[in-house]
Amino acid sequence: MSVDKAEFEASVPEDKRIVARGIEVGQTFYFGTKYSEPMGAKVATAEGKEVPVHMGSYGVGVSRLLGALIEANHDENGIIWPKSVAPFHVGLVNLKPGDETTDSVSEDLYAKLEAAGIEVLYDDTDTRAGAKFATMDLIGLPFQVVAGPRGLKEGLLEVKDRATGEKEMLSPDATLNKLTAALTD
């Protein structure tokens, strides 16, 4: 059913109208008897009279849902996935792959998070730190954990909440506890 602009404006008082952005993620179409009559699709009424079936269709577009999620959950740096639909829960960044300490701490934390049912995207590529941070922000996982030589000298990892941008320096055990509490039910 379609309502033209003049009808809408006449039926809804000015103070009750709102303007907002939206995206169509699903639709419903009423076909009436357009298809059932040519196909001879009929049903019997309570009185026993045969009448053509009234038809319609509805659907939800999965790709549209993803687009809507991203449109509603992003900032200038990229996506901010809600925890419930994130492709991974944590982005683990090893700032110095090949370094015994950063490799050991990263791999240990990765194994413990995975064992707790937390999905981890582990970046152990030999790339500049800034590029790794930009990529993690762009991907938009709920949490980022950075294992770097400087922080690990003090026994600390950097934990970033992607939605708020808040960063904390935590021990590996405190990091595991925080993420487990935040991401498991």
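Just a few scattered comments:
- Distance from region 2-60 to region 112-135 (C-alpha centre basis), Å: 48 Å
- Sparsely packed trypsin sites (Lys or Arg not before Pro) within region 113-185, loop by DSSP, other Cβ within 10 Å at most 10: R128
- GNM top mover of A116, A129, A44 - the chain, alpha-carbon springs below 10 Å: A44
- Note on the chain: with a GNM built from Cα contacts shorter than 10 Å, the maximum mean-square fluctuation among V105, V93, V53 falls on V53.
- Here's the picture: a label point sits 7 Å out from the Cα of A129 along the beta-carbon direction, and within region 82-117 the residues with their amide nitrogen under 12 Å of it are 94-96.
- Global dimensions of region 75-158 from alpha-carbon coordinates: Rg and Dmax equal 12.6, 35 Å.
- Within region 1-81, the proportion of C-alpha pairs whose separation exceeds 17 Å stands at 71%.
- q = 0.14 Å⁻¹: log10 I(q)/I(0) that the Debye formula gives for region 116-156, counting C-alpha atoms only: -0.38
- With the cut-off at under 17 Å, measuring from each backbone N in region 132-150 to a point 7 Å along the Cα-to-Cβ line of M169 picks out 145-150.
- A 1.4 Å probe run over the chain, with the rest of the protein chains in place, finds 66 Å² accessible per residue.
- Zone residues, region 20-41, relative to K5, backbone N less than 15 Å from point 7 Å out along Cα-to-Cβ: 20
- When GluC sites (Glu not before Pro) are flagged only if DSSP places them in a loop and at most 14 other Cβ atoms lie within 10 Å, the longest unflagged stretch of the chain comes out as 77-118.
The values are calculated or read from the model by the stated rules, or taken from the named source; none is laboratory data. Here the structure is a predicted model, which is why all the values come from computation and not from measurement. FYI the Cβ positions are ideal-geometry reconstructions off the backbone, even for glycines, and counts take in every protein chain you see. The accessibility values were calculated without ligands, DNA or RNA, using every heavy atom of the protein model including side chains. Shrake-Rupley method; radii C 1.70, N 1.55, O 1.52, S 1.80 Å.
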